[in-house]
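Below: one structure, written as structure tokens.
The values are calculated or read from the model by the stated rules, or taken from the named source; none is laboratory data. Keep in mind the model is a prediction, meaning the values are calculated, not measured. Here the Cβ positions follow ideal geometry from the backbone for every residue, glycine too, while neighbour counts run over all protein chains shown. Surface accessibility is based on the protein's heavy atoms, side chains included, excluding ligands, DNA and RNA. Shrake-Rupley method; radii C 1.70, N 1.55, O 1.52, S 1.80 Å.
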Amino acid sequence: MEDDRLVIRVPVIAANWKMHKGPTETRQFLEGFLPGLHGDGGSPEVVICPPFVSLEAAVAACEGSPVEVAAQNMHFEEQGAYTGEVSAPMLVELGVDGVVLGHSERRQDFGETDENLARKMVTAVSAGLTPILCVGETEEERRSDETEAVLSRQVLTDLAELHDEQLERVVIAYEPIWAIGTGLTASVEQAEEAAATVRELVRTRDAEAAEKVRILYGGSVKPENAAELLAPADVDGALVGGASLSPEDFAAIVAAAPTS
Ligand code: PGA
């Protein structure tokens, strides 16, 4: 029988470009970034998450490299009258590997709900896309000691529709909202504690999945703080916004990931 404590989680370093870089800039970035990447067995998984219009360029440029490509959102339905939306089968057709779901900017600015996310998670996993589910508390919620309650509500609701055997395919990014794009980072202790909380929440669903699920930290990760933030045992990588826009900075963050 497999000993759960021996499960090795390959770190994931993901670049969330948000609304930056069209196809031309995407190609330029990858021309600079890919040649420096060492795809040996001990490397982290590297994921680039460009805007929808740049996905095709990213997939083409990453072909033959170990770098994966993920979208930043998708609809839960496969098709239909949803103007402006993109579906999982469309992403799969392009050769996309994953999708960021529930980023706080989508939750706060575009009305993304946990109920919607529960449906999106099933759609993504069923289509073969790796979801990178984002969770995290506001500054106000942390101040009033609600961090655990917020994480619990988000993680348990967003994973609710997945079968237990699908859980290990999910990546979860803990992103405290007060640390996103602000230059503030969580302390290593805060990142470690929140990642451990998220893992315990997954454990309430399935113990084996809890050992396998990759839990990332996100929020002002930079080359200077990456090694420290990636060190805790329960932190299995990073979701990087601003610092992922520069090939040099993103390469330095990838290089700071612990080798598996
Ligand atoms: P940041 O963004 O690294 O610019 O703080 C992280 C994110 O929003 O995923």
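Add -39500 (n - 2.57) for each DSSP H run of 4 or more in the chain, then divide by its residues: what number comes out at 222 nm, to the nearest 500 deg cm²/dmol? Theoretical 222 nm ellipticity from helices: -10500 deg cm²/dmol.
Net charge dipole, the chain: roughly 480 debye, given to the nearest 20, about the Cα centre with Cβ charges of +1 for Lys and Arg and -1 for Asp and Glu. Over the chain, Cα pairs under 8 Å with separation of 6+ residues give a relative contact order of 22 percent.
Proximity of backbone amide H atoms, modeled 1.01 Å from N, is registered between V47 and I13, A14, A15, E68 at under 5 Å, excluding neighbours fewer than 5 places apart on the same chain. If you take the Cα centroid of region 112-149 and the Cα centroid of region 154-224, the two points sit 9 Å apart. Solvent-accessible area assigned to carbon and sulfur over the chain amounts to 49 percent, based on a 1.4 Å probe.
Normalising by the residue count of region 106-161, find the relative contact order in percent from Cα pairs under 8 Å and 6+ residues apart. Computed value for region 106-161: 45 percent relative contact order.
Rolling a 1.4 Å probe over the protein chains gives E45 an accessible area of about 60 Å². Per residue, the accessible area of region 146-259 comes to 39 Å² when a 1.4 Å probe rolls over the protein heavy atoms. Taking amide H as placed 1.01 Å from N in the peptide plane, V86 has its amide H under 5 Å from the amide H of H75, each at least 5 places away in sequence or on another chain.
What the phi angles of region 49-60 give under the Karplus curve with 6.51, -1.76 and 1.60, with θ = phi - 60°, is a coupling list of 10, x, x, 3, 5, 9, 4, 4, 4, 5, 4, 5 Hz, glycine and proline written as x. Net length available on complete extension from L156 to T113 is 14.2 nm, with 0.36 nm assigned per residue and the Cα-Cα distance removed.
In plain terms, the chain from S144 to E200 could stretch by 18.0 nm, reckoned as 0.36 nm per residue minus the Cα-Cα distance.
Bridgeable lysines around K18 (alpha carbons under 18 Å apart, same-chain partners fewer than 8 residues away excluded): K222.
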